[in-house]
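In what follows, a structure is listed as structure tokens, so that the remarks can point back to it.
The values are calculated or read from the model by the stated rules, or taken from the named source; none is laboratory data. It should be emphasised that the depicted structure is a prediction, and the values quoted were computed from it without experimental measurement. Virtual Cβ from ideal backbone geometry, glycine too; neighbours counted across all protein chains shown.
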Amino acid sequence: MNLISLIGAVEIGLVFALVALGVYISFRVLDFPDLTVDGSFPLGAAVAAAMISGGINPITGTLAAIVAGCLAGVVTAWLNIRFGILHLLAGILTMTALFSVNLRIMGRPNIPLMNQPTLIDLFAWLRPLVEASGLPGRPTLKVLALLIIVSVVGALLARFLTSEFGLAMRATGANPRMAQAQGIPSEMHTYIGVAMANGLVALAGALFAQTAGFADVTVGTGTAIAGLAAVILGETIFRTKSIVIAIFSCVFGAIGYRIAIALALNTGWLGLQSSDLNLVTAVLVAMALILPKVVNPMRSLLKRSAT
Amino acid sequence: MISLSDVHVTFGRGTPLEHRALRGLDLTIPEGEFVTVIGSNGAGKSTLLNVLSGTARPERGSIIVDGTDVTRWSAPKRAKLIARVFQDPMAGTCERLSIEENMALAFSRGSVRSFGRALDASRRSLFREKLSMLGLGLENRLGDSMGLLSGGQRQAVSLLMSTLTGMKILLLDEHTAALDPRTAAFVLELTRRIVEEQRLTALMVTHSMRDALDHGTRTVMLHEGTIVFDIAGDQRKSLDVPDMLNLFRQARGDELSDDNLLLGMGAKQAAAVKVGKTASS
């Protein structure tokens, strides 16, 4: 693997770190397996790309993408809470609808963002630093910009989840009955949490469009599972109860996962090509979910035979 | 003062499984009273607690807390007036969160949850002080996950959590039923101490007539969704378990055997037993 592909892997890893944080909120904090993210990732990309190519400021475009993602989350939460539709199905319904919505927003299946102003331009002040490092200019600048954005988002999220309000949200996911008995309006926390999760994923989509230079309606396929893979990988490496470390581990997991994928794709003898990414991801997540169930009985067997 | 008047609750209305859990229940609890509630299975004890805490809605009747009608209030909204300890030790606490986080959740019960930090030095020292009251050494384990605690420890912490902030009434839902006898005795003693020290108004549901008489200041017996007797003061002090069974029979005019009441046998079975007795005599 060469330097360019490593930097590329870190770049996409940082984008997916935001997806991982979103998935962490819905799957782990709220215990709400939300598949809307497969639609809100391209939604964020579509909104940002459509607005930027329409001549609107990238900051406004990115903020609009976040708002759109939040709204998508609210729809899913509403279907689940108000009408009692199973959370998985509610997410699939919204995600399916978003495919058409995204096409409407873009007016065509994809929008290129070549030579357009992007959020990365705001970080042009880092250019002397990048040049001094001797690393390839544009890709390194993108990585640094994303690193700053992800760090700020991660720090804000850690602060939020350790606040009284965030703690109430965690209780809502962990034990809704107890949460209600403690005066926590659990429905409101579910609405806000699912909205936040999808807002984060839409932000990831918007950043993806601006760093990769295009938005496409199909970029969302497998977003939820890729996010989950990052969360699980992070959890496996850092076994922790601390929220701050859990958030760091999501980011670390997302980047580590992308580097591992890049390595696997670059290794000729595995015979993998980049289109195999979703298959590899699904197999890895399935293994991560199966292994604890297989390993523990084996361990107890080994222990028994040892004594 | 808490007052329930003419409260009716029916589950599965209009279905073959229709169950009239509460049938015009009236109960007034003055401030500072510790009421123990007994009754066989299906008498309406849990429904009474659910109606008070807001997780079950009465179809008729009203619930008034200190002059405010809370009948239509949701459970979270009532939490600032009503605290509750559940029967299941797993239900009252979050096992995924740490002890101090659980305490912080309870500490904000009834107030607006801000974006301020849930835990800081002053709160931690308060929680440590409160936990040391339990004498379980938990004050040194603030950061431990709640899931590491035993059922009895969790129930003790639940009790402590429910009394961290002010309330109008504390509901105890057979909170020692899932514990072994020694731990149950410890939690009951702790309950008595906390209720006395903080002069709380409390309502404790129990399956044990002994506990019902030994604790609190007033005992109420439920049967088929209504109160069949209600005693307090000297009359209660002179009472023992057999007297209570007699009282129950008088109140109902039934001839249920002691075992029926204790084992919670249904009316039909009781009738069958009675017929059998008559035939053999």
Could you please find all residues in the stretch B:87-118 being at pLDDT below 90, crowded, with 20+ Cβ neighbours inside 10 Å and within 10 Å of another protein chain (Cβ to nearest Cβ)? B:GLY92, B:SER108, B:ARG109, B:ARG113, B:ALA118
Mind checking which residues of the stretch B:142-175 are touching a residue at least 60 places away in the same chain (Cβ under 8 Å), assigned to a helix (DSSP H, G or I) and not polar (S, T, N, Q)? B:GLY151, B:GLY152, B:ARG154, B:VAL157, B:LEU159, B:MET161
Restricting to the stretch B:35-63, and then to whatever is within 11 Å of the chain's Cα centre (by Cα) and part of a strand (DSSP E or B), can you tell me which residue is surrounded by the most Cβ atoms within 10 Å (Cβ to Cβ)? B:VAL37
May I ask you to list the residues in the stretch A:178-194 that are touching a Leu at 6+ places or on another chain (Cβ under 7 Å) and facing chain B (nearest Cβ under 9 Å)? A:GLN182
Cβ pairs under 8 Å, 6+ apart, first in the stretch B:26-54 and under 22 Å from B:SER162 (Cβ atoms), second among the polar types (S, T, N, Q) and outside any loop (DSSP other than H, G, I, E, B): B:LEU27/B:SER3; B:ILE29/B:SER3; B:VAL35/B:THR219; B:THR36/B:THR219; B:VAL37/B:THR219; B:ILE38/B:THR219
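How many residues does the stretch A:2-19 contain that are touching a Leu at 6+ places or on another chain (Cβ under 6 Å) and of a type outside the set (Val, Ile, Thr)?
First, the residues of the stretch A:2-19 that are touching a Leu at 6+ places or on another chain (Cβ under 6 Å): A:14-15, A:18.
Cutting the leftovers down to of a type outside the set (Val, Ile, Thr) gives us A:14, A:18.
Residues meeting the conditions: 2.
Pick out the one residue from A:SER53, A:SER26 that is over 19 Å from A:THR94 (Cβ atoms) and of a type in the set (S, T, N, Q).
None of the other options fit; the residue is A:SER53.
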Go through A:LEU146, A:LEU157, A:LEU98 for me and flag whichever is assigned to a helix (DSSP H, G or I), within 14 Å of chain B (Cβ to nearest Cβ) and crowded, with 22+ Cβ neighbours inside 10 Å. A:LEU157
Taking B:ALA232 as the residue in question, decide whether it is in contact with a Lys or Arg (Cβ under 8 Å, 6 or more places away or on another chain) and surrounded by fewer than 16 Cβ atoms within 10 Å (Cβ to Cβ). yes
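Would you mention how many residues in the stretch B:216-239 are on the phi < 0 side of the Ramachandran plot and within 13 Å of the chain's Cα centre (by Cα)?
To start, the set of residues in the stretch B:216-239 that are on the phi < 0 side of the Ramachandran plot comprises B:217-223, B:226-232, B:234-239.
Retained after the next criterion (residues that are within 13 Å of the chain's Cα centre (by Cα)): B:219-220.
Here the count works out to 2.
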Among what's in the stretch A:161-190 and is in contact with a Gly (Cβ under 8 Å, 6 or more places away or on another chain) and in a helix (DSSP H, G or I), pick the residue that is surrounded by the most Cβ atoms within 10 Å (Cβ to Cβ). A:ALA181
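Quickly run through the stretch B:123-141 and pick out the residues that are away from chain A (no Cβ under 14 Å) and part of a helix (DSSP H, G or I). Lay out the reasoning, then the answer.
Going residue by residue through the stretch B:123-141, those that are away from chain A (no Cβ under 14 Å) are B:125-126, B:128-140.
Selection gives B:SER125, B:LEU126, B:ARG128, B:GLU129, B:LYS130, B:LEU131, B:SER132, B:LEU138, B:GLU139, B:ASN140.
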Given the criteria under 30 Å from B:MET90 (Cβ atoms) and more than 14 Å from chain B (Cβ to nearest Cβ), does A:ALA197 qualify? yes
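With of a type in the set (Gly, Ala, Ser) and either within 14 Å of another protein chain (Cβ to nearest Cβ) or farther than 21 Å from A:PHE32 by Cβ (or both) as the only criterion, which of A:GLY222, A:GLY205, A:GLY173 stands out? I'd like the intermediate steps shown before the answer.
On the way: A:GLY222 fails: either within 14 Å of another protein chain (Cβ to nearest Cβ) or farther than 21 Å from A:PHE32 by Cβ (or both); A:GLY205 fails: either within 14 Å of another protein chain (Cβ to nearest Cβ) or farther than 21 Å from A:PHE32 by Cβ (or both).
Only one candidate qualifies: A:GLY173.
In the list A:ARG138, A:ARG127, which residue meets the criterion of being farther than 21 Å from A:ALA215 by Cα and of a type in the set (Lys, Arg)? Write out each step before concluding.
Numbers: A:ARG138 fails: farther than 21 Å from A:ALA215 by Cα.
Residue meeting the stated conditions: A:ARG127.
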Scanning the stretch B:64-86 residue by residue, those within 20 Å of the chain's Cα centre (by Cα), more than 7 Å from chain A (Cβ to nearest Cβ) and not in a loop (DSSP other than H, G, I, E, B) turn out to be B:ILE64, B:VAL65, B:LYS77, B:ARG78, B:ILE82, B:ALA83, B:VAL85
Taking the stretch B:1-34 and keeping only residues that are outside any strand (DSSP E or B) and surrounded by 16 or more Cβ atoms within 10 Å (Cβ to Cβ), one is left with B:GLU33
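In the stretch B:186-200, what residues are part of a loop (DSSP other than H, G, I, E, B) and surrounded by fewer than 20 Cβ atoms within 10 Å (Cβ to Cβ)? So that I can check it myself, show each step before the final result.
Filtering the stretch B:186-200 for residues part of a loop (DSSP other than H, G, I, E, B) gives B:198-200.
Passing the criteria: B:GLN198, B:ARG199.
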In this structure, does B:ASP144 turn out to be surrounded by fewer than 22 Cβ atoms within 10 Å (Cβ to Cβ), more than 18 Å from B:GLY166 (Cβ to Cβ) and more than 13 Å from every other protein chain (Cβ to nearest Cβ)? no
Which of the following residues is surrounded by fewer than 20 Cβ atoms within 10 Å (Cβ to Cβ), part of a loop (DSSP other than H, G, I, E, B) and either modelled with pLDDT of 90 or more or among the β-branched types (Val, Ile, Thr) (or both): A:THR236, A:THR240? A:THR240
